[in-house]
1. Report the semi-axes of the equivalent ellipsoid for region 89-146 in whole Å, largest first, where each axis is √(5λ) for an eigenvalue λ of the Cα gyration tensor.
2. For a quick check of your reading of the filter: which GluC sites (Glu not before Pro) in region 150-231 sit in a DSSP loop and have no more than 13 other Cβ atoms within 10 Å?
3. Roll a 1.4 angstrom probe over the protein heavy atoms and tell me the percent of accessible area of the chain that is carbon or sulfur.
4. Be a star and scan region 4-31 for residues whose amide nitrogen sits under 17 Å from the point 7 Å along the Cα-to-Cβ vector of GLU63.
5. Between ALA288 and GLU104, what is the FRET efficiency for a Förster distance of 56 Å, r being their Cβ-Cβ separation, to the nearest 0.05?
6. Given a Förster radius of 30 Å and the C-beta distance between ARG93 and ALA30 as r, what FRET efficiency does 1/(1 + (r/R0)^6) yield to the nearest 0.05?
7. Per residue, how much accessible surface does region 10-77 expose to a 1.4 Å probe? Answer in Å², no decimals.
8. Which three extents, in whole angstrom, do the alpha-carbon atoms of region 4-116 cover along their principal axes, largest first?
Amino acid sequence: MRTIDWVDGAVELIDQTLLPGELKVLRVTAVADLIAAIQSLAVRGAPALGVAGAFGVALAAREFAGDAVGLARAVRDVEVARPTAVNLARGARRAAGRLGDGFEGVLAEACVVRDEEIAASAAMAVLGADLLAELCGGRPRVLTHCNTGGLAAVVGGTALGVVFELQRRGTLGGVIASETRPLLQGARLTAWELEQAGIEFRVSVDSAGPFLLARGEADAVILGADRICANGDVINKVGTYAHALGAQRAGVPFVVVAPESTVDMDTPDGGAVEIEDRGAAEVTSFSAAVNPAFDVTPHDLVTAIVTDRRVVRLDRGEKL
Ligand code: MRU
């Protein structure tokens, strides 16, 4: 089942805010509703956001046909619906590049964006599983953070796609999924996807990750990215940096799996990226809070970046 797709004239997406309790598909025909779905995290994860951005522009092209000002505003609203994952604005801009061809042209481009993400997931799964076999040997036990499966990437996934591939090969040694406070993408979504796939796993609280690594409970950390900067800095769900520090301290590989559509050579390093602040309410309703949704993992903590086309060994001084 695809997380997001264009079906009979509308965007259909799994409402990820309801999982694992309820599997509900939302049908969206108005661009404002798609933007709301992006902002509420009904659709989320960098590759899926790229596809949502592209389909959002298709909705806008249909809704605002003949209204150039309204259309330009709607396209911009889609691009900036969330700031951190580069895929969203990229997907929207790609689709917007076909506005001259009308709604049909925009939709065709959006479908190409979707199909490219599906192909990228398949390619990354193989490259990542090969790399883990090389780095960790026989049956890698992995620790992962946030949700990087089909829910985040149409189908398949990035880091979790690698986990599925290891399982398919019969070489998966175990999975720890960190819960990913405050919205529990790990405890809700990764757990749900692993259950669906019949893969055994344990959920850990986020703060346990570095200690579990120190205690030798995983052979690698494998996770995704929302943006990979030109110098290799990795922007991903808050908590990633702590896991990278834990991995370095424990001497285990820290592997980032993300499609080329997440590599942003126009952004020199993590300091230049807007980190989404999702406000206090998600954390607590009774005191002030700071709630950055992502963090920056310095490139020198990253062993390798696996994309759909290449393995870049940052630990060996290779460049993106
Ligand atoms: O806030 P979210 O749930 O959209 O954040 C998602 C992540 O940080 C993922 O790790 C990242 O997008 C990679 S998904 C393949």
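The values are calculated or read from the model by the stated rules, or taken from the named source; none is laboratory data. What you see is a predicted model, and the numbers here were worked out from it, not measured in a lab. Every residue, glycine among them, receives a Cβ derived from its backbone with ideal geometry; neighbour counts consider all protein chains shown. Areas reflect the complete protein model, heavy atoms only, side chains present, ligands, DNA and RNA absent. Shrake-Rupley method; radii C 1.70, N 1.55, O 1.52, S 1.80 Å.
1. Taking √(5λ) for each eigenvalue gives 37, 11, 7 Å, largest first.
2. Counting only loop positions with at most 13 other Cβ atoms within 10 Å, the GluC sites (Glu not before Pro) in region 150-231 are GLU200.
3. Values: 6550 of 12560 Å².
Carbon-and-sulfur percentage of accessible area, whole number: 52.
4. 5-7, 9-13, 26-31
5. On the way: r = 49 Å, r/R0 = 0.88.
Once the sixth-power term is evaluated, E becomes 0.70.
6. The calculated FRET efficiency here is 0.90.
7. For region 10-77, the solvent-accessible area averages 37 Å² per residue.
8. Sorted from largest, the Cα extents of region 4-116 read 42, 30, 26 Å.
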